[in-house]
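Visitor: Take a look at the following structure, please.
The values are calculated or read from the model by the stated rules, or taken from the named source; none is laboratory data. Being a predicted model, the structure only gives us computed values, none of them experimental. Positions of Cβ are generated from backbone atoms using ideal geometry, with glycine treated the same way; all protein chains shown enter the neighbour counts.
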Amino acid sequence: MRQIAITKYGGADVLNIEDVPDISPEEDDDVIVEVKSAGVNFADTLMRVGFYPEAPPVPFVPGYECSGVVREVGSGVKKVKSGDRVFCLTKFGSYATLSRAKENKTFMLPENFSFQKGAAIPINYLTAWMALNECARIRENEHILIHSCAGGVGLAAVQIAKDKKCVLYGTVGSDEKCSYIRSVGVEHPINYRKQDFVDEIKKINAEGVDVVLDSVGFEYLKKDREILKQGGKVITYGLSGIKIGEAKNIISKWLKMRKNYLINPISLIFKNHGFIGLNLLPMWDKNEFFMDAMEKILEKIKKGVFDPVISKEFSFEDVAKAHGFIEGRKNIGKVILNIE
Ligand SMILES: NC(=O)c1ccc[n+]([C@@H]2O[C@H](COP(=O)([O-])OP(=O)(O)OC[C@H]3O[C@@H](n4cnc5c(N)ncnc54)[C@H](OP(=O)(O)O)[C@@H]3O)[C@@H](O)[C@H]2O)c1
C-alpha cells in the first residue's frame, strides 16, 4: 500500500508519499477499506505544522475520513462486508490507499453517491450538527452567525440551519465567497476584510443573534458577545485565527493574550449568555452521539436536504497542493484527495 506521512513538522513539502506493507484487521471490529477519496481538513494543515496537540507524534499518517470499498473485515464485523461501498471516520490514517476503520464508524455510501461526496460527509456534517443541534439546540427562525461560512464545516452548518428555517449571517474573506454563501441561502453575507462584522450585524439587527458558530477564536470570541442576544450562545470549536509563525504554539498565544479573552461570569449571568466548547475527538468513543447524529444526517442526505459541497479534488501525488489550497483560503466547501 501507499500512504502519505507527516515525517516532520513544516511546510506542505514534508508530506511524504511512501510504500509500506498492506494493513489487515487487528481487532474483531476492524474494517479495511480500499480508499478512493479522503477528506482534507483545515486541522490536517495545523497538525502538519505541529500546532495540533491531539495528533500522534511524527511520523504519522493524517486523515480523519475517507470513502472506498471494503477489502477485509475483522471476525466480529456484521454491518459491512467485503465489496461494500462505504465511507468512514478514521482517527488518522485515511491519507492512504488502505485505511483501517472501526465497524461503528463505517457507513454504507448512499445509493448514487460519489466517493468524493462520501468522503466529504463525516467531519463537516458531524461538527456542524453537534454545534447546532447538540450544543446550541437551535430552534426554528433563530438568527445564527457562522464564521468561516464558506468552508467545509461552514457550508454544512448553512444546510443544517436552513433546514430549521433560521436566518443566517456569515463572515467570509472575499466577495466571491460572499456571493456564493448568498446563493445558498445566507441572508446576510459579510466580507470581514471590508466590513466589521459587529458593526454590520448591529446595523441589520440591533437585537443581535441567538447563536454564533466560531471556529476562528481569539479576538473573535470577544466580538461575538457584542452581537449576542439575551440568552444567546457562542459555540467555539476552532482556533483558525492563529497566525502560523507568529506564536510558537496555540497555548503561548493564549497565554500572551489571555486577559483579552477572559469571560466575566457576572456578565454571563446578567445576559444569560453561554459559551460552549466543541471538539469531536474526545467524543470519539462515546459512540451513541456519533451514531445518533450520523443516522439523522444520512436521512437528510438521502432525501436531498443536505448535499456536500466539493470545492476541489486533488490527486494523491498533489497532496501538497491540496494543503496549499486550504492554507491559501481558496476553498469554498470541501477539499478532496482522490487516492485511486
Ligand atoms: N472542534 C472540532 O471538533 C472541529 C471539527 C472540524 C473542524 N473544526 C474547525 O473548524 C474550522 C473549519 O474547518 P474546515 O476544515 O471546514 O476548514 P475550512 O473552513 O474549509 O477552511 C478554513 C477557512 O477558515 C478561514 N480562516 C480564518 N482564519 C484563518 C487563518 N488564520 N488561516 C487560514 N484560514 C482561516 C478561511 O476562510 P475565510 O477566507 O472566509 O476567512 C478558510 O477558508 C477550523 O478551525 C477547524 O479546525 C473543528
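Visitor: Where the second residue is part of a loop (DSSP other than H, G, I, E, B) and the first is of a type in the set (S, T, Y) and lies in the stretch 121-147, which pairs have Cβ atoms under 7 Å and are six or more apart or on separate chains?
Guide: Close Cβ pairs (under 7 Å, with a partner that is part of a loop (DSSP other than H, G, I, E, B)) amount to Y125/F306; T127/Y237; T127/L280.
Visitor: Let me ask something else. Residues to consider are I301, I332, I326; find the one that is among the β-branched types (V, I, T) and not assigned by TED's automatic domain parsing to the domain that holds T106.
Guide: On the way: I332 fails: not assigned by TED's automatic domain parsing to the domain that holds T106; I326 fails: not assigned by TED's automatic domain parsing to the domain that holds T106.
Going through I301, I332, I326 in turn, the sole match is I301.
Visitor: Here are E140, E111: which of them is over 18 Å from the mean Cα position of the chain (by Cα), of a type in the set (D, E), part of a loop (DSSP other than H, G, I, E, B) and modelled with pLDDT under 95? First the steps, then the outcome.
Guide: Working: E140 fails: modelled with pLDDT under 95.
Among E140, E111, only E111 is over 18 Å from the mean Cα position of the chain (by Cα), of a type in the set (D, E), part of a loop (DSSP other than H, G, I, E, B) and modelled with pLDDT under 95.
Visitor: Considering the stretch 262-298 alone, what residues qualify as being away from the ligand (no atom under 13 Å from the Cβ), among the β-branched types (V, I, T) and either part of a strand (DSSP E or B) or more than 15 Å from I121 (Cα to Cα) (or both)?
Guide: Listed by number, the residues that qualify are I263, I266, I269.
Visitor: State the number of residues belonging to the stretch 124-146 that are touching a Phe, Trp or Tyr at 6+ places or on another chain (Cβ under 8 Å), farther than 18 Å from S311 by Cα and not β-branched (V, I, T).
Guide: Selection size over the stretch 124-146: 6.
Visitor: Starting from residues that are touching a Phe, Trp or Tyr at 6+ places or on another chain (Cβ under 7 Å) and either free of Cβ contacts under 8 Å to residues at least 60 places away in the same chain or near the ligand (Cβ under 9 Å from one of its atoms) (or both), keep the ones in the stretch 153-171 and report whichever is farthest from D214 (Cα to Cα).
Guide: The extreme case among them is A156.
Visitor: For residues that are farther than 17 Å from F306 by Cβ and out of contact with any helix residue (DSSP H, G or I) (no Cβ under 8 Å at 6 or more places or on another chain), scanning just the stretch 162-176, find the one that is surrounded by the most Cβ atoms within 10 Å (Cβ to Cβ).
Guide: Among those that are farther than 17 Å from F306 by Cβ and out of contact with any helix residue (DSSP H, G or I) (no Cβ under 8 Å at 6 or more places or on another chain), it is V167.
Visitor: Count, please, the residues in the stretch 267-284 that happen to be surrounded by 12 or more Cβ atoms within 10 Å (Cβ to Cβ) and modelled with pLDDT under 90.
Guide: 2
Visitor: Based on what the data block shows, is V69 within 18 Å of A120 (Cβ to Cβ), crowded, with 21+ Cβ neighbours inside 10 Å and not hydroxyl-bearing (S, T, Y)?
Guide: In short, no.
Visitor: Can you name the condition, by its number, that P62 falls short on among (1) part of a helix (DSSP H, G or I); (2) within 14 Å of the ligand (Cβ to nearest atom)?
Guide: Every condition holds for P62 apart from (1).
Visitor: If you go through the stretch 138-152 one residue at a time, how many are within 13 Å of the ligand (Cβ to nearest atom) and either surrounded by fewer than 24 Cβ atoms within 10 Å (Cβ to Cβ) or among the small types (G, A, S) (or both)?
Guide: Final tally of qualifying residues: 4.
Visitor: Please state which one of F306, F314, F325 is buried (at least 16 other Cβ atoms within 10 Å of the Cβ), over 17 Å from the mean Cα position of the chain (by Cα) and at pLDDT 95 or above.
Guide: Numbers: F306 fails: over 17 Å from the mean Cα position of the chain (by Cα); F325 fails: over 17 Å from the mean Cα position of the chain (by Cα).
The unique qualifying residue is F314.
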